[in-house]
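Student: I am attaching a structure below and will ask some questions about it afterwards.
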Amino acid sequence: MRLTRWLYDCASCGHQYELAAADLSFSYGTLLAHARSGSVLIVDVVRDGVFAEVRDFVSADSQVMKRSVRDRTVLVHRVFEITLDPDDAGDRYSVQRTPGCPACGSTKVAWFQETDDPSDRVPVAATHSSWDSLTAAEKANALAARLHAALADQPEGP
Ligand SMILES: [Zn+2]
């Protein structure tokens, strides 16, 4: 996958930062995740067994069923984030969204632009080592807690 530099202006502190990203409109089944350190992950949702697990868990929730398709997709991404191993710097990954400003941590973006400049970041494949070491009960608790928080974060739209 060819990654290009996407530029962001933080709405909270004005810091400019960039992420290595790509337009995935024609890459069905592929997601990108970013860490604040700049690391990039590629998730192959078709082959990632944990993704299927998370999607099934989220879809089965009665609160989720009331949400739009777009909102449900975002909820799956938010919950899936907790199953990803952090990068070498210990930073967590954010799926299909900014991981936050490297200077202040805010995820509010004042301005953003895709560019055609190639990025020198090399994406790595998603791994779930920590997640896989949890018991079934620990996973169920973690998924439920994350989904609860994600639902609370997401305003119930029409
Ligand atoms: Zn900032």
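Student: Being assigned to a helix (DSSP H, G or I) and touching a helix residue (DSSP H, G or I) at 6+ places or on another chain (Cβ under 9 Å), is that true of even one residue in region 95-109?
Tutor: no
Student: Please note which helices (runs of 4 or more DSSP H) are completely contained in region 1-91 and include at least 3 residues that are in contact (Cβ under 8 Å) with a residue 12 or more places away in the chain.
Tutor: Those helices (runs of 4 or more DSSP H) span 49-59, 69-80.
Student: Within region 25-62, work out how many residues are loosely packed, with under 12 Cβ neighbours inside 10 Å and either under 23 Å from ALA140 (Cα atoms) or of a type in the set (D, E, K, R) (or both).
Tutor: Total meeting the criteria: 6.
Student: For the subset of region 120-158 comprising residues that are assigned to a loop (DSSP other than H, G, I, E, B) and modelled with pLDDT of 95 or more, which member is surrounded by the most Cβ atoms within 10 Å (Cβ to Cβ)?
Tutor: Filtering first and then ranking leaves ALA126.
Student: Also, I was wondering about something else. With the condition kept exactly as written, say whether any residue in region 94-113 is charged (D, E, K, R), within 22 Å of ALA21 (Cβ to Cβ) and either within 16 Å of the ligand (Cβ to nearest atom) or surrounded by fewer than 17 Cβ atoms within 10 Å (Cβ to Cβ) (or both).
Tutor: Yes, some residue in region 94-113 is charged (D, E, K, R), within 22 Å of ALA21 (Cβ to Cβ) and either within 16 Å of the ligand (Cβ to nearest atom) or surrounded by fewer than 17 Cβ atoms within 10 Å (Cβ to Cβ) (or both).
The values are calculated or read from the model by the stated rules, or taken from the named source; none is laboratory data. A quick note: this is a predicted structure, and the numbers were derived from the prediction, not measured. We place every Cβ from the backbone using ideal geometry, glycine too, and count neighbours over all the protein chains shown.
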